[in-house]
Amino acid sequence: MSSTRAQGQDRLRISEVFYSLQGESRTVGWPTVFIRLTGCPLRCNYCDTEYAFQGGEWMSLEQIISQTADFNPHYITVTGGEPLAQKNCLPLLEQLCDAAYAVSLETSGALDIAGVDARVSIVMDLKTPSSGEESKNYYLNIAKLKPSDQLKFVLADRADYDWACLKLNEYDLPQRCEVLFSPVQGQLSATDLADWILADRLPVRMQIQLHKLLWGDEKGR
Ligand code: SF4
């Protein structure tokens, strides 16, 4: 990470920029540059990136894009924390798209996605009851999802699963975009989740976090 402190208004607080395999979503397994923005207004019970709540370093958009280009990637994921909590996330996304990268944005679902560049594939959470942050869901976002976006449920137990099934029907989610179901590692058996999805004939994609299978909770992976 650059040691030069970014000046001016076109900057973001960045926790890390790193190159790894995409661990989840539609592009799972593809080499990807991750740009992790610092800060999040939520405190999910299962959060695995608490180190990104604070710290990091101010970087100009130019510095971020230059550092990203060093990896010569095709896929870029902007993540957090909650990236949309910093307003300059929007011009960063736009500039990455202008540079012809395939860009995705991981967001909690608590903040408005309206300003996100239409070329970005948004991977948006709906926070389940066990997260402790269900009340933060900004449900007006659902109507703004595009067919190329993805909606993710992170599930810790059967009650979360049943809640997610209700939301699938209530908002007709599979008709809007791809829906992802993911178990919280160490809390919900992936096998149980797979069996429930099959038993209920759900039109959702199950995923297991690939990077955790490969590298555990190692930072920057
Ligand atoms: S929204 Fe994401 S980064 Fe923020 S507390 Fe929840 S899991 Fe952690």
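Brief remarks on what is shown
- Listed pairs Lys144/Lys167; Lys87/Lys144; Lys146/Lys167; Lys167/Lys219; Lys87/Lys136 exceeding 21 Å between Cα atoms: Lys167/Lys219
- Average accessible area per residue (Å²) across region 1-111 - probe 1.4 Å, nucleic acids and ligands excluded: 44
- Taken as Cα centroids, region 36-62 and region 144-191 sit 24 Å apart, rounded to the nearest whole angstrom.
- Acute angle (nearest 10 degrees) that the helix 89-98 long axis makes with the longest principal axis of the chain, alpha-carbon atoms: 80
- Simple spin-label estimate for Leu214 and Gln187 in nanometres, 7 Å along Cα-Cβ: 2.5
- DSSP-assigned coil residues among trypsin sites (Lys or Arg not before Pro) in region 40-146, each with at most 13 further Cβ atoms within 10 Å: Arg43, Lys87
- Estimated from helices alone, the mean residue ellipticity of the chain at 222 nm is -6500 deg cm²/dmol (sum of -39500 (n - 2.57) over DSSP H runs with n ≥ 4, per residue).
- Remark: the His74-Tyr46 segment gains 7.1 nm on full extension, using 0.36 nm per residue and subtracting the alpha carbon distance.
- With Cα atoms, 0 to 90° folded angle of helix 190-199 axis to the chain main axis: 50
- On the chain, 50 percent of the accessible area sits on carbon and sulfur atoms, based on a 1.4 Å probe.
- Just so you know, the Cα atoms of the chain work out to an Rg and Dmax of 17.0, 55 Å.
The values are calculated or read from the model by the stated rules, or taken from the named source; none is laboratory data. Just so you know, these numbers come straight off a predicted model, no measurement behind them. Positions of Cβ are backbone-derived with ideal geometry, glycine not excepted, and every protein chain shown enters the neighbour counts. Remember, those area values only see protein heavy atoms, side chains included, never the ligands or the DNA or RNA. Shrake-Rupley method; radii C 1.70, N 1.55, O 1.52, S 1.80 Å.
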